[in-house]
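The values are calculated or read from the model by the stated rules, or taken from the named source; none is laboratory data. Note that this is a predicted model, so its numbers are computed, not measured. Neighbour counts run over all protein chains shown; Cβ positions are idealised from the backbone, glycine included. What goes into the accessible areas is simple: the full protein's heavy atoms, side chains included, and nothing from ligands, DNA or RNA. Shrake-Rupley method; radii C 1.70, N 1.55, O 1.52, S 1.80 Å.
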Amino acid sequence: MIDRNISMDLACIVRNWYNKLYSAVLWNGDMGPTFSVLCGVRQGGVLSPLLFNIYIDDLIVTLCNSGYGAYIGNVFSGCIMYADDIALISVNCRGLSKMLEICEAYGYVWDIQFNPQKSQLLTIGGNNPVNCNLTISNVTIQWCANVKYLGIVVCNAKVFSTDISKQKGKFFSRLNSILSVTGSGRHEMSSVKLINSHCLPTLLYGCEIWCIKQTESYKLNVIWNNVYRKIFNCCWRESVRPLIYYCKSMSISHIIDQRRILFWRKLQASSHVLLQLLASLTIHEHIAVCSQYGMSAVSVSRDSVKCSVWSKF
């Protein structure tokens with residue numbers, strides 16, 4: 001903290017707090033003996049994410065200065081980290097092996113253990129290599145067909161692709177739970193609100209970066225239409241587009257397009273160099289989506305985006 005020009009007073013306060021941390025186990029109303037907490041940050045603490053960022057920042061700097069890992073232009077993009085979930089990206093196995101060695105050496109110095117059982121390897125742009133054994137703590141890391149990172153399932157394929165089958169499964173599970181509780185005499189608009197708040201976010205999590213085929217997008221629209229048919233007891237051959245409209249919703253494809261446009265605006269407005277670079281690299285895809293709704297690709301307000309997408313539905 002001191003190396004990052006944080007005041008000595010604040011550093012001493014944090015040190016004092018963490019030198020007096022104790023925990024105990026509460027079980028069936030009985031409190032066990034207390035024990036001192038000698039490592040880690042406080043679970044749920046406001047300062048905990050910032051303190052962990054300081055703790056792990058040197059690892060990212062070391063990886064960046066190593067010369068290994070992926071680059072977009074001249075911007076290092078070989079290490080993506082959220083809390084204690086880290087993704088290492090390299091264009092070849094040798095670079096990835098060196099990055100793993102750096103992580104292992106850093107962990108040895110700073111008492112961080114990387115779990116090889118929870119680590120996975122994946123190739124994007126080709127098949128997984130056959131004769132490439134990468135290890136952590138002398139344990140081989142497995143090559144996989146799919147890897148889940150921050151809730152997004154990325155597939156081993158020739159191009160970047162995602163698998164949303166598990167999200168659809170969770171969506172149906174929550175949908176059936178709501179419909180079973182509300183029963184046949186359900187209040188339709190209450191059911192719509194419950195599904196919009198509890199089911200739809202599960203289905204569309206991370207849709208801003210989905211890479212799915214047109215057929216998959218069509219299937220999602222069919223699923224959404226059938227939800228409304230089920231709620232309002234409509235004929236399965238009858239169009240529910242007007243019904244969705246008057247319930248102040250849209251088709252899944254329109255919702256995804258709206259969220260992608262708004263997500264791109266956040267990338268463009270970000271102060272992070274890598275995010276700005278990603279926005280510039282995806283400008284053509286953004287223009288193509290905006291043109292479908294008669295919008296300008298830049299200088300579009302959030303409200304005008306929603307209005308334009310809604311008017312086309």
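Check 124, 178, 195 and return the single one that is within 26 Å of residue 214 (Cβ to Cβ), open to solvent by less than 80 Å² (accessible area, probe 1.4 Å) and in contact (Cβ under 8 Å) with a residue 12 or more places away in the chain.
On the way: 124 fails: open to solvent by less than 80 Å² (accessible area, probe 1.4 Å); 178 fails: within 26 Å of residue 214 (Cβ to Cβ).
Going through 124, 178, 195 in turn, just one is within 26 Å of residue 214 (Cβ to Cβ), open to solvent by less than 80 Å² (accessible area, probe 1.4 Å) and in contact (Cβ under 8 Å) with a residue 12 or more places away in the chain: 195.
Which of the residues belonging to the stretch 233-272 are open to solvent by 90 Å² or more (accessible area, probe 1.4 Å), within 21 Å of residue 80 (Cβ to Cβ) and in a helix (DSSP H, G or I)?
266 - this is the single residue of the stretch 233-272 that is open to solvent by 90 Å² or more (accessible area, probe 1.4 Å), within 21 Å of residue 80 (Cβ to Cβ) and in a helix (DSSP H, G or I).
Return the residues of the stretch 16-34 that are touching a strand residue (DSSP E or B) at 6+ places or on another chain (Cβ under 8 Å) and either open to solvent by less than 100 Å² (accessible area, probe 1.4 Å) or of a type in the set (Val, Ile, Thr) (or both); say none if nothing qualifies.
Our first condition is that a residue be touching a strand residue (DSSP E or B) at 6+ places or on another chain (Cβ under 8 Å); within the stretch 16-34, this holds for 21-25, 32, 34.
Of everything in the stretch 16-34, those that are touching a strand residue (DSSP E or B) at 6+ places or on another chain (Cβ under 8 Å) and either open to solvent by less than 100 Å² (accessible area, probe 1.4 Å) or of a type in the set (Val, Ile, Thr) (or both) turn out to be 21, 23, 24, 25, 32, 34.
Is there any pair with a first residue in the stretch 16-40 that is touching a residue at least 40 places away in the same chain (Cβ under 8 Å) and a second that is open to solvent by 100 Å² or more (accessible area, probe 1.4 Å) whose Cβ atoms are under 7 Å apart and which are 6 or more apart or on different chains, and what are they?
The qualifying pairs are 39/111.
From the list 54, 13, 60, which one is part of a helix (DSSP H, G or I) and in contact with a strand residue (DSSP E or B) (Cβ under 9 Å, 6 or more places away or on another chain)? I'd like the intermediate steps shown before the answer.
Numbers: 54 fails: in contact with a strand residue (DSSP E or B) (Cβ under 9 Å, 6 or more places away or on another chain); 13 fails: in contact with a strand residue (DSSP E or B) (Cβ under 9 Å, 6 or more places away or on another chain).
After applying the criteria, what remains is 60.
Would a scan of the stretch 295-302 turn up a residue that is among the hydrophobic types (A, V, I, L, M, F, W, C), closer than 25 Å to residue 155 by Cβ, open to solvent by 20 Å² or more (accessible area, probe 1.4 Å) and in contact (Cβ under 8 Å) with a residue 24 or more places away in the chain?
Looking only at the stretch 295-302, we keep the residues that are among the hydrophobic types (A, V, I, L, M, F, W, C), and these are 295, 297-298, 300.
Among the residues that remain, those that are also closer than 25 Å to residue 155 by Cβ are: none.
Within the stretch 295-302 (the criterion being among the hydrophobic types (A, V, I, L, M, F, W, C), closer than 25 Å to residue 155 by Cβ, open to solvent by 20 Å² or more (accessible area, probe 1.4 Å) and in contact (Cβ under 8 Å) with a residue 24 or more places away in the chain), the answer is no, since none of the residues qualifies.
Is it the case that the stretch 7-14 has a residue that's charged (D, E, K, R) and open to solvent by less than 90 Å² (accessible area, probe 1.4 Å)?
Narrowing the stretch 7-14 to residues charged (D, E, K, R): 9.
Then drop every residue that is not open to solvent by less than 90 Å² (accessible area, probe 1.4 Å), which leaves none.
No: the stretch 7-14 contains no residue that is charged (D, E, K, R) and open to solvent by less than 90 Å² (accessible area, probe 1.4 Å).
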